[in-house]
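For reference, the structure is listed below as C-alpha coordinates.
The values are calculated or read from the model by the stated rules, or taken from the named source; none is laboratory data. Just so you know, these numbers come straight off a predicted model, no measurement behind them. All Cβ positions, glycine included, derive from the backbone under ideal geometry; neighbour counts span all protein chains shown. Heads up: the accessible areas ignore ligands, DNA and RNA and are worked out on the full protein's heavy atoms, side chains in. Shrake-Rupley method; radii C 1.70, N 1.55, O 1.52, S 1.80 Å.
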Amino acid sequence: MESVRPSPAPKVSIIIPAYNTAPLIAVCLDSVLSQTYRDFEVIVVNDGSPDTTELENALQPYREQIVYIKQENKRTAAARNTAIRNSHGEFLAFLDSDDSWLPGHLTSQMQLFHEDPTLDLVYSNGVVVGDLRHTWSFMDRCPSEGDPSFDALVIERCQIPVSTVVARRTAIVRAGLFDESLPRCDDYDMWLRMAFHGAKIGYTRKVEARFSVGRPNSLGASRSRMLEAYWRILEKISRTLPLNDSQHHVIRKQAVEVRARHLLEEGKTQLRERKFEKAKELLSEANRHLCEPKLGLTLLGLKVAPNATGKLIAFWFQYLGARSMIKARIGSRPNKSRDVS
(Lines give C-alpha, C1' and ligand atoms only; values in the text may rest on other atoms or scores of the structure.)
Protein backbone atom coordinates (compact mmCIF):
# COMPACT_ATOMS: atom_id res chain seq x y z
CA MET A 1 0.00 0.00 0.00
CA GLU A 2 1.26 3.45 -0.88
CA SER A 3 2.48 5.43 2.08
CA VAL A 4 0.58 8.65 2.75
CA ARG A 5 2.99 11.56 2.96
CA PRO A 6 0.96 14.76 3.26
CA SER A 7 2.42 18.18 2.64
CA PRO A 8 3.50 20.20 5.71
CA ALA A 9 0.01 21.69 5.70
CA PRO A 10 -2.38 19.03 4.39
CA LYS A 11 -5.72 20.16 3.02
CA VAL A 12 -7.72 17.69 5.13
CA SER A 13 -7.20 16.34 8.64
CA ILE A 14 -9.02 13.06 9.25
CA ILE A 15 -10.25 12.72 12.85
CA ILE A 16 -10.65 9.18 14.22
CA PRO A 17 -11.48 8.63 17.93
CA ALA A 18 -10.80 5.05 19.02
CA TYR A 19 -12.31 3.18 21.95
CA ASN A 20 -12.72 -0.61 22.12
CA THR A 21 -12.44 -1.05 18.36
CA ALA A 22 -9.11 -2.85 17.98
CA PRO A 23 -10.59 -5.61 15.74
CA LEU A 24 -12.16 -2.98 13.44
CA ILE A 25 -9.55 -0.22 13.18
CA ALA A 26 -7.61 -1.84 10.32
CA VAL A 27 -10.68 -1.84 8.05
CA CYS A 28 -11.28 1.79 8.96
CA LEU A 29 -7.70 2.85 8.21
CA ASP A 30 -7.47 0.78 5.03
CA SER A 31 -10.52 2.65 3.72
CA VAL A 32 -8.84 5.97 4.53
CA LEU A 33 -5.55 5.03 2.90
CA SER A 34 -7.43 3.84 -0.20
CA GLN A 35 -8.96 7.26 -0.86
CA THR A 36 -8.49 8.67 -4.34
CA TYR A 37 -8.05 12.10 -2.74
CA ARG A 38 -4.56 12.13 -1.22
CA ASP A 39 -3.88 15.49 0.45
CA PHE A 40 -4.63 14.53 4.04
CA GLU A 41 -3.26 13.57 7.42
CA VAL A 42 -4.77 10.91 9.67
CA ILE A 43 -5.08 11.47 13.42
CA VAL A 44 -6.13 8.54 15.62
CA VAL A 45 -6.86 9.35 19.26
CA ASN A 46 -6.89 6.46 21.72
CA ASP A 47 -9.38 7.72 24.31
CA GLY A 48 -8.13 5.64 27.23
CA SER A 49 -9.36 2.45 25.57
CA PRO A 50 -9.41 -0.71 27.69
CA ASP A 51 -8.09 -2.62 24.66
CA THR A 52 -5.04 -0.36 24.25
CA THR A 53 -2.58 -3.26 23.85
CA GLU A 54 -4.66 -4.84 21.09
CA LEU A 55 -5.35 -1.43 19.53
CA GLU A 56 -1.67 -0.49 19.38
CA ASN A 57 -0.82 -3.87 17.91
CA ALA A 58 -3.46 -3.32 15.23
CA LEU A 59 -2.10 0.19 14.55
CA GLN A 60 1.53 -0.90 14.30
CA PRO A 61 1.52 -1.42 10.49
CA TYR A 62 0.11 2.11 10.06
CA ARG A 63 2.28 4.06 12.51
CA GLU A 64 4.32 5.81 9.81
CA GLN A 65 1.13 6.85 8.02
CA ILE A 66 -0.85 8.25 10.93
CA VAL A 67 -0.53 10.58 13.89
CA TYR A 68 -1.27 8.53 17.00
CA ILE A 69 -2.28 10.22 20.26
CA LYS A 70 -3.07 8.45 23.53
CA GLN A 71 -5.00 10.16 26.32
CA GLU A 72 -6.93 9.18 29.43
CA ASN A 73 -10.58 8.42 28.87
CA LYS A 74 -12.52 11.67 28.39
CA ARG A 75 -15.24 10.51 25.96
CA THR A 76 -15.67 11.07 22.26
CA ALA A 77 -16.04 14.85 22.24
CA ALA A 78 -12.73 15.30 24.04
CA ALA A 79 -11.01 12.84 21.71
CA ARG A 80 -12.26 14.78 18.71
CA ASN A 81 -11.14 18.06 20.22
CA THR A 82 -7.69 16.63 20.96
CA ALA A 83 -7.35 15.60 17.34
CA ILE A 84 -8.55 18.99 16.10
CA ARG A 85 -6.03 20.82 18.30
CA ASN A 86 -3.24 18.65 16.88
CA SER A 87 -4.38 18.90 13.26
CA HIS A 88 -3.12 21.12 10.45
CA GLY A 89 -5.78 20.82 7.74
CA GLU A 90 -8.03 23.57 6.46
CA PHE A 91 -10.80 20.93 6.47
CA LEU A 92 -11.70 18.33 9.10
CA ALA A 93 -13.10 14.94 8.09
CA PHE A 94 -14.72 12.80 10.77
CA LEU A 95 -14.74 9.01 10.86
CA ASP A 96 -15.66 6.65 13.68
CA SER A 97 -13.14 3.87 14.14
CA ASP A 98 -15.69 1.12 13.46
CA ASP A 99 -16.89 2.73 10.21
CA SER A 100 -15.25 2.96 6.80
CA TRP A 101 -15.32 5.04 3.61
CA LEU A 102 -15.71 4.07 -0.01
CA PRO A 103 -12.62 5.06 -2.06
CA GLY A 104 -14.16 8.18 -3.63
CA HIS A 105 -15.57 9.71 -0.45
CA LEU A 106 -13.08 12.53 0.08
CA THR A 107 -12.87 13.30 -3.63
CA SER A 108 -16.65 13.67 -3.78
CA GLN A 109 -16.87 15.80 -0.64
CA MET A 110 -14.04 18.12 -1.65
CA GLN A 111 -15.68 18.53 -5.06
CA LEU A 112 -18.76 19.91 -3.29
CA PHE A 113 -16.60 22.59 -1.66
CA HIS A 114 -15.02 23.33 -5.03
CA GLU A 115 -18.42 23.75 -6.69
CA ASP A 116 -19.74 25.96 -3.86
CA PRO A 117 -16.97 27.73 -1.93
CA THR A 118 -19.54 29.17 0.50
CA LEU A 119 -20.17 25.73 2.04
CA ASP A 120 -18.91 25.13 5.59
CA LEU A 121 -19.95 21.50 6.08
CA VAL A 122 -20.89 18.66 3.75
CA TYR A 123 -22.11 15.13 4.39
CA SER A 124 -23.28 12.14 2.39
CA ASN A 125 -25.29 8.96 2.43
CA GLY A 126 -23.96 5.62 3.66
CA VAL A 127 -24.85 1.97 3.99
CA VAL A 128 -25.74 0.73 7.46
CA VAL A 129 -24.40 -2.77 8.10
CA GLY A 130 -25.65 -4.85 11.00
CA ASP A 131 -25.76 -8.32 9.48
CA LEU A 132 -26.99 -9.69 6.19
CA ARG A 133 -30.58 -9.21 7.30
CA HIS A 134 -30.07 -5.62 8.44
CA THR A 135 -28.31 -3.65 5.70
CA TRP A 136 -29.89 -0.43 4.52
CA SER A 137 -29.24 3.03 3.16
CA PHE A 138 -29.04 5.67 5.87
CA MET A 139 -31.04 8.23 3.91
CA ASP A 140 -33.78 5.71 3.17
CA ARG A 141 -34.72 5.75 6.85
CA CYS A 142 -33.17 9.05 7.94
CA PRO A 143 -33.74 11.32 4.94
CA SER A 144 -32.37 14.76 4.25
CA GLU A 145 -34.97 16.94 2.62
CA GLY A 146 -34.42 20.50 1.50
CA ASP A 147 -32.04 22.99 3.09
CA PRO A 148 -30.21 21.63 6.16
CA SER A 149 -30.92 24.73 8.23
CA PHE A 150 -30.95 25.05 12.01
CA ASP A 151 -34.70 24.38 12.12
CA ALA A 152 -34.36 21.39 9.79
CA LEU A 153 -31.78 19.82 12.10
CA VAL A 154 -33.94 20.43 15.15
CA ILE A 155 -37.03 18.74 13.69
CA GLU A 156 -34.99 15.96 12.03
CA ARG A 157 -35.94 16.88 8.48
CA CYS A 158 -32.20 16.67 7.79
CA GLN A 159 -30.07 14.11 9.62
CA ILE A 160 -26.28 14.10 9.51
CA PRO A 161 -24.20 10.89 9.89
CA VAL A 162 -20.95 11.98 11.53
CA SER A 163 -18.72 9.53 9.66
CA THR A 164 -19.44 11.29 6.36
CA VAL A 165 -18.89 14.87 7.54
CA VAL A 166 -16.19 17.12 6.14
CA ALA A 167 -16.18 20.65 7.58
CA ARG A 168 -14.10 23.78 7.46
CA ARG A 169 -11.94 24.07 10.56
CA THR A 170 -12.92 27.74 10.92
CA ALA A 171 -16.61 26.82 11.16
CA ILE A 172 -15.94 24.18 13.84
CA VAL A 173 -13.82 26.62 15.84
CA ARG A 174 -16.40 29.39 15.46
CA ALA A 175 -19.04 27.08 16.95
CA GLY A 176 -16.78 26.35 19.94
CA LEU A 177 -15.47 22.81 19.28
CA PHE A 178 -17.28 19.75 20.64
CA ASP A 179 -18.94 19.99 24.05
CA GLU A 180 -16.91 17.70 26.32
CA SER A 181 -19.57 17.74 29.03
CA LEU A 182 -21.94 15.66 26.88
CA PRO A 183 -21.82 11.90 27.45
CA ARG A 184 -23.22 11.21 23.98
CA CYS A 185 -24.56 12.85 20.80
CA ASP A 186 -21.88 15.56 20.92
CA ASP A 187 -21.84 15.59 17.13
CA TYR A 188 -25.53 16.52 16.90
CA ASP A 189 -24.93 19.34 19.36
CA MET A 190 -22.06 20.55 17.18
CA TRP A 191 -24.11 20.56 13.96
CA LEU A 192 -26.87 22.54 15.69
CA ARG A 193 -24.41 25.16 16.95
CA MET A 194 -22.70 25.40 13.58
CA ALA A 195 -26.01 25.92 11.80
CA PHE A 196 -27.09 28.50 14.36
CA HIS A 197 -23.86 30.45 13.87
CA GLY A 198 -24.46 30.63 10.14
CA ALA A 199 -22.61 27.63 8.73
CA LYS A 200 -23.84 26.69 5.27
CA ILE A 201 -24.43 22.94 5.03
CA GLY A 202 -24.67 20.79 1.93
CA TYR A 203 -25.04 17.08 1.24
CA THR A 204 -25.11 14.41 -1.43
CA ARG A 205 -27.30 11.33 -1.57
CA LYS A 206 -24.41 9.27 -2.93
CA VAL A 207 -23.48 6.30 -0.77
CA GLU A 208 -19.92 7.00 0.34
CA ALA A 209 -19.49 5.16 3.65
CA ARG A 210 -20.28 1.99 5.56
CA PHE A 211 -21.62 2.31 9.11
CA SER A 212 -21.43 -0.65 11.47
CA VAL A 213 -24.01 -1.22 14.17
CA GLY A 214 -24.35 -3.73 16.94
CA ARG A 215 -21.30 -3.18 19.16
CA PRO A 216 -22.24 -3.67 22.85
CA ASN A 217 -20.75 -0.29 23.84
CA SER A 218 -22.30 1.63 20.99
CA LEU A 219 -24.14 4.85 21.70
CA GLY A 220 -27.37 3.53 20.27
CA ALA A 221 -27.38 0.46 22.50
CA SER A 222 -30.31 2.08 24.28
CA ARG A 223 -33.00 3.93 22.38
CA SER A 224 -34.08 5.54 25.64
CA ARG A 225 -30.60 6.95 26.29
CA MET A 226 -30.45 8.24 22.74
CA LEU A 227 -33.74 10.08 23.12
CA GLU A 228 -32.75 11.41 26.53
CA ALA A 229 -29.50 12.77 25.06
CA TYR A 230 -31.38 14.36 22.17
CA TRP A 231 -33.88 15.98 24.54
CA ARG A 232 -31.19 17.30 26.88
CA ILE A 233 -29.25 18.79 23.96
CA LEU A 234 -32.38 20.62 22.81
CA GLU A 235 -32.85 21.94 26.35
CA LYS A 236 -29.21 23.01 26.44
CA ILE A 237 -29.47 24.81 23.09
CA SER A 238 -32.58 26.61 24.32
CA ARG A 239 -30.71 27.81 27.42
CA THR A 240 -27.37 28.74 25.92
CA LEU A 241 -27.98 30.20 22.46
CA PRO A 242 -29.57 33.62 21.80
CA LEU A 243 -32.49 32.16 19.85
CA ASN A 244 -35.20 34.31 18.34
CA ASP A 245 -38.86 33.68 19.18
CA SER A 246 -39.40 31.40 16.18
CA GLN A 247 -36.36 29.27 17.00
CA HIS A 248 -37.40 29.04 20.65
CA HIS A 249 -40.81 27.80 19.56
CA VAL A 250 -39.35 25.11 17.29
CA ILE A 251 -36.93 23.95 19.98
CA ARG A 252 -39.51 23.83 22.75
CA LYS A 253 -42.06 21.97 20.61
CA GLN A 254 -39.49 19.39 19.57
CA ALA A 255 -38.10 19.02 23.10
CA VAL A 256 -41.57 18.24 24.47
CA GLU A 257 -42.13 15.57 21.82
CA VAL A 258 -38.70 13.98 22.26
CA ARG A 259 -39.12 13.88 26.03
CA ALA A 260 -42.46 12.13 25.53
CA ARG A 261 -40.78 9.57 23.28
CA HIS A 262 -38.08 9.10 25.93
CA LEU A 263 -40.74 8.47 28.59
CA LEU A 264 -42.42 5.99 26.26
CA GLU A 265 -39.19 4.02 25.91
CA GLU A 266 -38.63 4.13 29.67
CA GLY A 267 -42.17 2.86 30.15
CA LYS A 268 -41.46 -0.05 27.80
CA THR A 269 -38.38 -0.90 29.85
CA GLN A 270 -40.45 -0.97 33.03
CA LEU A 271 -42.97 -3.26 31.34
CA ARG A 272 -40.22 -5.68 30.33
CA GLU A 273 -39.09 -5.72 33.95
CA ARG A 274 -42.70 -6.33 35.12
CA LYS A 275 -42.76 -3.05 37.05
CA PHE A 276 -46.30 -2.28 36.02
CA GLU A 277 -47.07 0.67 38.30
CA LYS A 278 -43.96 2.56 37.24
CA ALA A 279 -44.67 1.67 33.62
CA LYS A 280 -48.19 3.03 33.91
CA GLU A 281 -46.89 6.27 35.42
CA LEU A 282 -44.33 6.80 32.64
CA LEU A 283 -46.67 5.80 29.82
CA SER A 284 -49.42 8.05 31.16
CA GLU A 285 -47.08 11.04 31.17
CA ALA A 286 -45.85 10.19 27.67
CA ASN A 287 -49.37 9.86 26.34
CA ARG A 288 -50.39 13.29 27.61
CA HIS A 289 -48.38 14.59 24.69
CA LEU A 290 -48.41 11.71 22.21
CA CYS A 291 -52.14 10.94 22.47
CA GLU A 292 -51.73 7.60 20.68
CA PRO A 293 -54.79 5.28 20.66
CA LYS A 294 -52.70 2.12 21.08
CA LEU A 295 -50.91 3.63 24.05
CA GLY A 296 -54.28 4.55 25.53
CA LEU A 297 -55.42 0.94 25.21
CA THR A 298 -52.23 -0.22 26.87
CA LEU A 299 -52.86 2.09 29.81
CA LEU A 300 -56.44 0.85 30.09
CA GLY A 301 -55.19 -2.74 30.10
CA LEU A 302 -52.63 -1.94 32.80
CA LYS A 303 -55.40 -0.45 34.91
CA VAL A 304 -57.85 -3.33 34.49
CA ALA A 305 -55.54 -6.35 34.22
CA PRO A 306 -51.95 -5.24 34.77
CA ASN A 307 -50.28 -8.66 34.93
CA ALA A 308 -51.87 -10.09 31.80
CA THR A 309 -51.44 -6.85 29.87
CA GLY A 310 -47.85 -6.40 31.01
CA LYS A 311 -46.85 -9.94 30.04
CA LEU A 312 -48.48 -9.67 26.62
CA ILE A 313 -46.90 -6.31 25.85
CA ALA A 314 -43.50 -7.33 27.22
CA PHE A 315 -43.55 -10.35 24.90
CA TRP A 316 -44.45 -8.11 21.94
CA PHE A 317 -41.67 -5.65 22.77
CA GLN A 318 -39.19 -8.52 22.98
CA TYR A 319 -40.31 -9.72 19.54
CA LEU A 320 -39.76 -6.26 18.07
CA GLY A 321 -36.63 -5.54 20.10
CA ALA A 322 -33.95 -6.47 17.58
CA ARG A 323 -35.49 -4.38 14.82
CA SER A 324 -36.03 -1.38 17.07
CA MET A 325 -32.50 -1.57 18.48
CA ILE A 326 -30.91 -1.52 15.03
CA LYS A 327 -32.86 1.63 14.18
CA ALA A 328 -31.99 3.25 17.50
CA ARG A 329 -28.29 2.63 17.02
CA ILE A 330 -28.06 4.67 13.91
CA GLY A 331 -31.26 6.22 12.67
CA SER A 332 -33.41 7.44 15.53
CA ARG A 333 -31.83 10.89 15.66
CA PRO A 334 -29.99 13.31 13.38
CA ASN A 335 -26.79 11.33 13.15
CA LYS A 336 -25.42 7.89 13.80
CA SER A 337 -22.54 8.55 16.08
CA ARG A 338 -21.95 6.08 18.81
CA ASP A 339 -20.69 6.44 22.33
CA VAL A 340 -17.22 5.04 21.83
CA SER A 341 -16.21 5.76 25.36
Checklist entry - With N residues in the range 26-145, what two-decimal value do you get for its Cα radius of gyration over 2.2 N^0.38 Å? => result 1.16
Checklist entry - Considering the alpha-carbon set of the range 1-94 alone, what are its Rg and its Dmax in angstrom? => result 12.5, 34
Next on the checklist: For a test of the definition: using alpha carbon positions, the gyration tensor, and the 1.5 limit on a/c, classify the range 127-169 as rounded, prolate or oblate.
Outcome noted: oblate
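From the Cα trace of the range 26-67, what convex hull volume per residue do you get, rounded to a whole Å³?
Convex hull volume per residue, Cα atoms: 70 Å³.
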Next on the checklist: What translational diffusion coefficient, to the nearest whole µm²/s, does the range 76-168 have by Stokes-Einstein, given a Kirkwood radius computed over alpha-carbon pairs, a temperature of 25 °C and 0.890 mPa s viscosity?
Outcome noted: 166
Checklist entry - Which value, in Å² rounded to 10, gives the accessible area of residue 138 with a 1.4 Å probe and all protein chains present? => result 0
Checklist entry - Which value, in Å² and to the nearest 10, is the accessible area of residue 166 when all protein chains are kept and the probe is 1.4 Å? => result 0
Item to check | Spin-label pair residue 26/residue 170, simplified geometry with 7 Å Cα→Cβ offset, distance in nm | outcome: 4.2
Checklist entry - What FRET efficiency would be calculated for the residue pair residue 90, residue 70, taking the C-beta separation as r and a Förster radius of 41 Å, to the nearest 0.05? => result 0.95
Item to check | Cα-based shape type of the range 161-245, given that a ≥ b ≥ c are square roots of the gyration tensor eigenvalues and the cut on a/c is 1.5 | outcome: oblate
Checklist entry - Do the alpha carbons of any pairs in 11/200; 74/200; 11/206; 74/206; 200/253; 206/236 sit beyond 27 Å of each other, and which pairs? => result 74/200; 74/206; 206/236
Next on the checklist: I need the semi-axes of the equivalent ellipsoid of the range 136-192: take the C-alpha gyration tensor, multiply each eigenvalue by 5, square-root it, list largest first in whole angstrom.
Outcome noted: 21, 13, 12
Checklist outcome for this item: Taking only the alpha-carbon positions of the range 105-154 as identical scatterers, the Debye log10 I(q)/I(0) at q = 0.30 Å⁻¹ comes out as -1.12
